[in-house]
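These notes are about the structure you will find just below.
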Amino acid sequence: MRRPKPSAARRLLLILATLCLTAWSAAFFLHHTQTSADDTVIPTLMVLPSLTPTQTTSPTIPPTLTATSTATMTVAPTNTPSFTPIPTLSERVLTFTVVMPGVVLPPQPTDLPYGLTLLYEPPLPVEPLPDATNTVPPFVGWYAFESDYPTVSYAPAWTPRLSQFANRGQYHRTEGAYDTASFSFEGAALRVRYVAAQNMGMFEVVVDGGVLETIDAYADELTFPTTDVYVVGDGTHRLEIRAVGQKNNASEGYVVGLDTIQVWRGDANTLIIPPPLITNTPTPSPQPAARIELVGAPPTVQPTGTPVPPRVITAQVVIAYDENGNRTVDPAEGVAGISVRVVEVNTNRVIASGFTDERGYVSFEVVTDAAAQVVVPYFGETWQLQRGGNSAAPAFTLLLIPGNQPGLIP
C-alpha cells in the first residue's frame, strides 16, 4: 500500500521545527563554551562552601603579629626606670593639703593640773577688807594687814597716830628722810593704803629689792588713798616702804604715813599669769641675699570655730549707810541682811544670791557665759556685769543717803 505524500503545510512545520532545534542547540553550545564578566559570578557562588576552610586557616597570621607586639612590650618596662623623675633642689615638689571641716584636733596635755583657773590679774579689792589680825592663816583672797600688825617692822620706829578716817582708826608715820617699813607676805598681788596731806613727802614701793613705783603723797587735805594693784606672782615676797628724802614743791615736809597693806593670795586652783608686754620698738628686717623658694612645708592646721567656754566672774557688793556724809564707807556703817542677787539678763534666772554681813559686804563667784547683772531688790539697784577677757568683775558700792536711819531694814 502506498503512503500518501505529506502536504506542503506539514513540510513547512518540519522545516521550522528543525530550524528551531538547530538554533537552540547553537545557543546552548555558545552558552557553555563562551565566558564573560557576568559568568564568573556563578562559579564564585558555587565555590562558597569551599572558602570556609580558607577563612579558618587565616587566623594563623595574628599569632605571628601577637608575638611581634609582645616583643615590643617587653622592651618598654626595661626602659621605664631610666625615665623615673627624681626630685632635686631645682624642681618644684607639689604638696597637697586636705582640709576636713568639722574635724577638731584634741587638746594637748599640759603641765597644769585639771580644774586650774588662770587669771591675768586678781579681782579688785572692795573695802572694808577682812582684817588679818582677827583671822587665822592661811589667808585666801584679799586681806588687810594693819600698820600695827606684828610682822610689820619699822627702822627706826615710826609713830602711831589716831584718825577717824584711817582704817581701824590709826596709822603709823615717820619724819625721817630715809626711814623704812618692811613686811614679808605670801601672795600674788598687793597694794598699799598710805596717808596724803599737805606735809607729806615722797616714798618708794619696793618688792623683793625692785622699785615698783615712787609715790608723791602731797595733797591739799588729809586723805587715805591707795596705790595701784601690783601683781608680783605667787610666792613669798618682801615689801618695803622707803622714804626717799624728797617732796613736792608745795609740800610742807617729808612725812611718810602707812595705813594698811592689802595682800591678795589665791587658792590652790587659781594661778595669776600676767599678759605679755607689747612694745612698739621697731625691729630691722634683713634683706634676702638670694631668692628663696619654699618647696615643702608641714600642713597648716585650719582654725575651727568653737563655742565660748563659761567664765568665772567674781562680783563684790558693799552696802553702807553714809552716816557722816563723807561719801565713803567707814567702819560700822555697813548694813547687814540686805538681799543681793546675780541674775541672767535674758532669762531673769537667779544664778547666785546672798545677804550682806555686818560690814555690809557680800561676794559672789559664778560660772556663766551669758550676760548677767547684780540686783539689790530692796533698793531697786542694778549693775551690769561686763563680758570681757578679764574674769574679775568691778566692785559695786551702794551708799544710802544720810537721813533718818530706819529702825529695821529687811
For segment 251-264, 3J(HN,Hα) per residue [Karplus equation, 6.51 cos²θ - 1.76 cosθ + 1.60, θ = phi - 60°, Hz, x = Gly/Pro]: 6, 9, x, 10, 6, 10, x, 10, 9, 9, 10, 9, 10, 10
Environment charge of VAL342, counting only residues whose C-beta is closer than 12 Å and scoring Lys/Arg +1, Asp/Glu -1: 0
Relative pair counts by distance (%), Cα atoms of segment 311-400, 5 Å bins: 3, 15, 26, 23, 17, 10, 6, 1, 0
Rg over Rh [alpha-carbon atoms, Kirkwood Rh] for segment 118-272: 0.96
Cut-off 14 Å between beta-carbons: net charge of the residues surrounding PHE139, Lys and Arg +1, Asp and Glu -1: -4
Long-range amide H partners of GLU252 with built H, under 5 Å: ASN199, MET200
Only Lys, Arg (+1) and Asp, Glu (-1) charged, at Cβ; segment 118-272 dipole about Cα centre in debye: 200 debye
Length-normalised contact order of segment 118-272 in % [C-alpha pairs under 8 Å, at least 6 apart]: 33 percent
Residue-count net charge about THR227 - beta-carbon cut-off 10 Å; Lys, Arg +1, Asp, Glu -1: 0
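Values quoted throughout were computed directly from the atomic coordinates according to the rules given, and no laboratory measurement underlies them. The structure displayed is predicted, hence computed values, not measured ones. No Cβ is skipped: glycine too gets one built from the backbone with ideal geometry, and neighbour counts run over all protein chains shown.
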